[in-house]
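Participant: Let me give you the structure first, and then I'll get to my questions.
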Amino acid sequence: MRLILPLCILILGWSSGHTADQPLAVFQTGLATIDGAPAAPGAAIASGATVKSVADLVRIGIDGAPGSAVILSPKSALTLTSENGKLVLVLDAGTVQVDLPDRGRWPGLIVRGAAAEARVVGTLFIVERTRTDADYIVLVRGALKVGLRREVALALNRQTSEVDLLPRQGVSASSGGGLGSAETLSSRPQVLSLTATQTAHDQGLVPDPAGSSWATDIAATETMRLMPDFFSNVAREQANVIINQQVTREIAREVTNVINEEIRQQVTQQVVQTVVGSGPSRTALAGPPGPPN
């Protein structure tokens with residue numbers, strides 16, 4: 001039995017679900033750093049790590065959320081962490097676009113700006129840090145609940161301040177003024193073309209009678225175009241997962257064989273002991289007869 005316990009522990013370690021060391025996201029494409037080090041396609045992004053885009057659009061995928069895409073505009077910074085099982089994205093600078101068609105393993109996702117906090121159901125939206133103390137949030141599709149960060153709400157005594165954004169609406173928030181009112185936008189802001197003088201709010205007010213801009217996502221198209229190397233990395237990762245699963249099954253079979261063999265030996269030994277111990281008592285055979293008198 002001494003071999004069984006370590007092998008079982010090994011199997012549990014390999015076949016268990018998400019662990020504390022599991023990354024929150026995977027870097028996909030763009031020129032960026034992760035905690036100051038150059039980021040490469042396929043690099044894991046751990047809890048507490050900060051991703052900074054340099055001069056390009058940067059795209060990352062959320063671990064365990066199929067089809068997700070988090071896109072940073074140039075010169076943006078995003079810190080990833082988790083709270084009570086929920087994924088938290090803290091926008092330290094710039095603009096982030098989040099596309100979350102499937103939350104996957106995450107019960108919730110929160111995006112925090114300077115003052116605002118957006119809680120995601122399943123959606124595509126944009127958060128822009130317009131100033132060091134202000135944000136602007138745009139909902140492209142889906143559902144989004146926007147409120148103030150807890151510390152901002154407490155400071156302003158507006159703990160119940162909250163807005164349910166509808167698609168093609170935007171809302172502003174600041175540490176000094178609190179949460180604004182939702183406003184309907186004409187055009188969809190494009191992360192790629194946001195600048196200090198052309199904000200998401202400014203782009204949203206550009207007339208678009210046909211509404212065609214809402215079906216255009218330049219950032220997603222551009223970052224997808226730059227991702228062929230990443231897809232090969234994903235294929236290798238998937239191959240590694242398959243190999244690990246096969247090895248795990250082999251170990252499981254070996255452990256099962258060991259257990260069965262030990263059980264068989266123990267049962268055999270018990271049967272022998274029972275038969276020998278409970279049978280009729282045996283007496284020594286008499287020796288040969290003595291010589292005749």
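Only the coordinates and a few stated rules stand behind these numbers; no lab work does. Since the structure is predicted, the reported quantities are computational estimates derived from the model, not experimental observations. All Cβ positions, glycine included, derive from the backbone under ideal geometry; neighbour counts span all protein chains shown.
Participant: For ILE263, ILE45, what's the fewest-to-most ordering of other Cβ within 10 Å of each Cβ?
Facilitator: ILE263, ILE45
Participant: Here is a follow-up. Could you give the C-alpha radius of gyration of region 19-226 expressed as a fraction of 2.2 N^0.38 Å, taking N as the number of residues it contains?
Facilitator: For region 19-226, the normalised Cα radius of gyration comes out at 0.95.
Participant: Put a dot 7 Å past each Cα toward the Cβ at ILE218 and GLU261; how far apart are the dots in nm?
Facilitator: 6.7 nm
Participant: If you don't mind, another one. Taking the Cα-to-Cβ direction at LEU166 and at LEU31 and moving 7 Å from each Cα, how far apart do the two end points lie in nm?
Facilitator: A separation of 4.3 nm, rounded to one decimal place.
Participant: Next question, about the same structure. By count of other Cβ within 10 Å, fewest leading, how are ILE34, ILE218 ordered?
Facilitator: Lowest count first: ILE218, ILE34.
Participant: Packing-wise, with mean Cβ within 10 Å as the measure, how do 139-150, 118-129 rank, highest first?
Facilitator: Peptide ranking by packing, descending: 118-129, 139-150.
Participant: Please order ARG103, ARG158 by the number of other Cβ within 10 Å, starting at the fewest.
Facilitator: Result, fewest neighbours first: ARG158, ARG103.
Participant: Here's a follow-up. Can you tell me the order of 70-79, 189-198 when each peptide is scored by its average per-residue count of other Cβ atoms within 10 angstrom, highest first?
Facilitator: Packing proxy ranking, top to bottom: 70-79, 189-198.
Participant: How large is the direction-averaged shadow of the alpha-carbon convex hull of region 96-152, in nm²?
Facilitator: 3.8 nm²
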